[in-house]
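First up is the structure itself, then whatever we jot down about it.
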Amino acid sequence: MGHALALERPAPDAGAQVWDDYVHNRENPAGETRDLWYHGLGCGAWLVVHRNTVTHEIYGAALARDVKGAGQ
Ligand SMILES: [Zn+2]
């Protein structure tokens with residue numbers, strides 16, 4: 001898991017290429033990953049979900065506020 005869960009927002013004048021990457025481009029790993037999920041239609045919590053994108057196995061989930069490095 002070499003990538004940060006939360007992206008760092010570019011400066012307003014960072015340029016179109018930087019903003020395009022920030023808005024649209026994500027890593028799409030095959031296998032084990034940790035993602036931020038938002039329970040928008042429920043309690044509004046942010047979760048860190050530890051899962052496998054190939055097997056769809058869920059290893060676990062935790063509230064993002066309790067996970068070091070999950071937020072800003
Ligand atoms: Zn919830």
- Just for segment 1-31: of the residues that are surrounded by 12 or more Cβ atoms within 10 Å (Cβ to Cβ) and over 13 Å from the mean Cα position of the chain (by Cα), which one is nearest to ILE58 (Cα to Cα)? ASP21
- Given the structure, is LEU63 within 10 Å of the chain's Cα centre (by Cα) and among the aliphatic types (A, V, I, L, M)? no
- Note on the structure: Counted residues in segment 13-57 being touching a helix residue (DSSP H, G or I) at 6+ places or on another chain (Cβ under 9 Å) and farther than 24 Å from VAL67 by Cβ come to 1
- Among the strands (runs of 3 or more DSSP E) confined wholly to the chain, which include 1 or more residues that are away from the ligand (no atom under 16 Å from the Cβ) and in contact with a Gly (Cβ under 9 Å, 6 or more places away or on another chain)? 46-52
- Message: Cβ-Cβ under 8 Å, sequence separation 6+ or interchain: first residue in segment 19-44 and on the phi < 0 side of the Ramachandran plot and without any contact (Cβ under 8 Å) to a residue 40 or more places away in the chain, partner in a loop (DSSP other than H, G, I, E, B) and within 15 Å of the ligand (Cβ to nearest atom). Which pairs?
- Response: TYR38/GLY44; TYR38/ALA45; HIS39/ALA45
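Please find, among ALA61, ALA6, ALA14, the residue that is at pLDDT 95 or above and in contact with a strand residue (DSSP E or B) (Cβ under 9 Å, 6 or more places away or on another chain). Explain how you work it out, then say what you get.
Details: ALA6 fails: at pLDDT 95 or above; ALA14 fails: in contact with a strand residue (DSSP E or B) (Cβ under 9 Å, 6 or more places away or on another chain).
Criteria check complete, one pass: ALA61.
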- Message: I need the full set of residues from segment 25-36 which are at pLDDT below 95 and not aliphatic (A, V, I, L, M), in order please.
- Response: ASN25, ARG26, GLU27, ASN28, PRO29, THR33, ARG34, ASP35
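The values are calculated or read from the model by the stated rules, or taken from the named source; none is laboratory data. Predicted model, so just to flag it, every value in this text is computed and none were measured. As a convention, Cβ positions derive from the backbone with ideal geometry for all residues, glycine included, and neighbour counts pool all protein chains shown.
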